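Visitor: Please see the structure below; I have some questions.
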Amino acid sequence: MNAGIKLAVVLLVVPNLLSAQGFLEQFSYEGLRFSGVGFEFGGTVSDRLTGEFSGAVRVDCGPIAPRVRVLIGASYFKGDFDSTQVAEFENNLARIVDDPTNDFTIDVGGVAWSDLAIELDLQYVIGIGAQVASFVGVGLAAHLMNGSGESIGGTFVEDALDRMDLGLNLSLGTHVQLVQSVYLTMDVRGSLATELRSAAARAGLMYRIP
């Protein structure tokens, strides 16, 4: 490699390294503290379960960088497997039944699945006005899932549904200051886990420490 090429590489790499270093220097744990708590309620839909009411609690842990806040939260919803999922399960059971008369029926009834998600989010806040701000968020979640139903109780099917999954969250929302320290929150959130993909729309109130 001749001297000219080496110089060109240095000129290209060094500014990028300095730029990356400057970006990372914006992040600091010094601003992290308990900054507020909020409660949200709304509905959740998913690719496998019926749409149901859901709730969430969020704890604002303060800024970790300019415009970037850390939130820890938990959300919960419980839904029945939709008719397509149940019918597929019943058909699979029917295939292994040995009945020469073929006059049997299988009805597993309702099978439910609940999801308690423990979530860690980073929210990038975009100020719109003195009392209104929007945010875009990304985060990770641990999903503690529990299956239930009269026909599967105590079976390996229930054991298979009782599981923990890791997932990715994406969120978009708005905060509106109602009075000092009290905010109306509205957000939509998509969650992608190994066995369940869901979307939630919720609204609620958050109290922020002045």
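Bear in mind that the values in this text are calculations on the coordinates, not laboratory data. In this text the structure is predicted, and so the values were computed from the model without any measurement. Methodologically, a virtual Cβ is constructed for each residue, glycine included, from the backbone with ideal geometry; neighbour enumeration extends over all protein chains shown.
Visitor: Sorting check: for 32-39, 105-112, which peptide has the highest mean count of neighbouring beta carbons within 10 Å, and how do the rest follow? Could the numbers behind the result be given before it?
Guide: Numbers: 32-39: 15.2, 105-112: 12.5.
Put in order of decreasing packing, that is 32-39, 105-112.
Visitor: Step through the residues of the range 29-46 one at a time and calculate ³J(HN,Hα) from phi using the Karplus curve (6.51 cos²θ - 1.76 cosθ + 1.60, θ = phi - 60°), rounding each to whole Hz and writing x for Gly and Pro.
Guide: 7, 5, x, 6, 6, 5, 10, x, 9, x, 10, 10, 9, x, x, 10, 10, 8
Visitor: Moving on to the next point. Local charge sum around G36 (other residues, Cβ-Cβ under 11 Å, Lys/Arg +1, Asp/Glu -1)? Working shown, then result.
Guide: Working: positive: R33, R58, R69, R208; negative: D60.
So the surrounding residues net to +3.
Visitor: Quick check on packing: order 50-58, 85-93 by the mean number of other C-beta atoms within 10 Å, highest mean leading. Intermediate values should be presented prior to the final figure.
Guide: Working: 50-58: 17.6, 85-93: 13.3.
Final packing ranking: 50-58, 85-93.
Visitor: So what are the ³J(HN,Hα) numbers for the range 144-159, from phi and the Karplus equation (6.51, -1.76, 1.60; θ = phi - 60°), rounded to whole Hz, Gly and Pro as x?
Guide: 9, 10, 9, x, 8, x, 4, 7, 10, x, x, 9, 5, 5, 4, 4
Visitor: Now for a separate question. Once the other residues with Cβ under 13 Å from the Cβ of T194 are scored (Lys, Arg +1; Asp, Glu -1), what is the net sum?
Guide: Details: positive: R48, R163, R197; negative: D47, D115, D165, E195.
Here the count lands on -1.
Visitor: On to the next question. Okay, which of the range 40-69 sit inside 17 Å, backbone N to the point 7 Å along the Cα-Cβ direction of A199?
Guide: Flagged as within label range: 42-54.
Visitor: Let me ask something additional. With n ≥ 4 as the cut-off for DSSP H runs, can you work out [θ] at 222 nm for the chain, using -39500 (n - 2.57) per run divided by the number of residues, rounded to the nearest 500? All intermediate terms of the calculation are to be shown ahead of the outcome.
Guide: On the way: 3 runs with 42 residues, N = 210.
The helix contribution divided over the chain gives -6500 deg cm²/dmol.
Visitor: Now for a separate question. Any chance you could give the angle, 0 to 90 degrees and rounded to 10, that helix 83-95 forms with the longest Cα principal axis of the chain?
Guide: Helix 83-95 sits at roughly 50 degrees to that axis.
Visitor: Something else about it: Averaged across orientations, what area in nm² does the convex hull of the alpha carbons in the chain project? Present the calculation step by step, with values, prior to reporting the outcome.
Guide: Values: hull surface 78.2 nm².
Convex hull of Cα atoms, orientation-averaged projection: 19.6 nm².
Visitor: Follow-up. What do you get for the angle between helix 3-25 and the principal long axis of the chain? Use alpha-carbon atoms, 0 to 90 degrees, nearest ten.
Guide: Between helix and principal axis, roughly 70 degrees.
Visitor: Measuring from label point to label point, each 7 Å out along Cα→Cβ, what is the L170 to Y29 span in nm?
Guide: Placing both labels 7 Å beyond Cα along the Cβ direction yields 3.1 nm.
Visitor: At R0 = 25 Å, how high is the FRET efficiency between D162 and V57 if r is their beta carbon distance? Nearest 0.05 is fine.
Guide: On the way: r = 23 Å, r/R0 = 0.93.
Rounded to the nearest 0.05, the efficiency is 0.60.
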